[in-house]
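Q: Sharing a structure, written as structure tokens. Questions coming.
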Amino acid sequence: MKKYIFSALIFCGLFAAAPTQGQSFGEPGVPVIVSQGDHSGFLAYPENNIVVLRWKTGNETNIDHFVIEHSTDGLHFETLHELVSRGAIDRDSSYQDEDAYPASSTNYYRLKVVDRDGNAFYYPVARVDLIDKRTPTLKPTVVHMGATVRLDAYHEQPYTINFFNTSGMLTGTFMVNSASFDIPTAGWSKGVYIYRISDPHHPLIDAGKIMVL
């Protein structure tokens, strides 16, 4: 069973960008910065190999857009995604985003709210720890010619699988974009094949070898 330890900072206040610099973080689940203002919430949690990000707002009359920022050290953040405000006036509005390619086993997220006048504010930072994160692998590692190799631990993310012979020559490339994927070995020569799995954001997710008998 996968084990996840995660913290979701559900305290909802907004705070200026400057105080986030150099801040320290406590144990998972313990908020570091808490504002007494709005109570709309910012939630981050793991689901399979991705991180789900959710938040709510109240009156969005003055909100132009949202920026999801990501960090691996809790200090240096980079833009992950941007979402345009729906402009809700008389009702709460819920949003959801995803980080399909978490860069580390420990990730930090913060939500930047940009007003129409250019001013920007931040929700408190949320930390997510991914324990036993699974990477896609090919099974079985020994097959007879004509048998199939299955991609394991696949969560509907686009992957590229390259096969090489022991001399380093590329012998086949497979683009994976479905929830179930088999690689037939019919017509392959007997021997050892080295594979490398990558995606648009990571040049190497997993590597290994299979033997065709």
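Readers should treat all values here as calculations from the given coordinates under stated rules, not as data from a laboratory. Source: prediction; values computed, not measured. Don't worry about glycine lacking a Cβ; one is built from the backbone with ideal geometry, like all the others, and counts go over all protein chains shown.
Q: So for each of 107-119, 191-203 I average, over its residues, the number of other beta carbons within 10 Å; can you give me the resulting order with the highest mean first? If you can, show how the numbers build up before the last one.
A: On the way: 107-119: 17.5, 191-203: 14.9.
Put in order of decreasing packing, that is 107-119, 191-203.
Q: If I take R0 = 45 Å and measure r between the Cβ atoms of D92 and H202 in this structure, what FRET efficiency does the formula 1/(1 + (r/R0)^6) give, to the nearest 0.05? Mind showing how you got there, number by number?
A: Values: r = 36 Å, r/R0 = 0.81.
With R0 = 45 Å, the Cβ-Cβ based efficiency is 0.80.
Q: Determine, at each q value in 0.13 (inverse angstroms), the log₁₀ of I(q)/I(0) that the Debye formula gives when each Cα of segment 137-212 is one equal point scatterer.
A: Once normalised to I(0) and log-transformed, intensities are -0.35.
Q: Right, here's the next one. So for segment 55-213, Kirkwood radius off the Cα pairs, Stokes-Einstein at 10 °C and 1.306 mPa s: how many µm² s⁻¹?
A: Working: Rh = 18.9 Å.
D = 84 µm²/s.
Q: Please turn the phi angles of segment 199-205 into ³J(HN,Hα) values with the Karplus equation 6.51 cos²θ - 1.76 cosθ + 1.60 (θ = phi - 60°), one per residue in order, whole Hz, x for glycine and proline.
A: My calculation for segment 199-205 gives 9, x, 10, 10, x, 8, 9 Hz in order.
Q: Give me, ordered by chain and number, the residues 5 or more places off V149 or on other chains with an amide H under 5 Å from its own placed amide H.
A: I183, T185
Q: Apply the Karplus parameterisation 6.51 cos²θ - 1.76 cosθ + 1.60, with θ equal to phi minus 60°, to every residue of segment 122-131 and state each ³J(HN,Hα) to the nearest whole Hz, in sequence, with x for glycine and proline.
A: Residue by residue, segment 122-131 yields 10, 6, x, 6, 10, 10, 10, 9, 9, 9 Hz.
Q: Report the label-to-label distance for H144 and M175 in nanometres (one decimal), using points 7 Å from each Cα along the Cα→Cβ vector.
A: 3.4 nm
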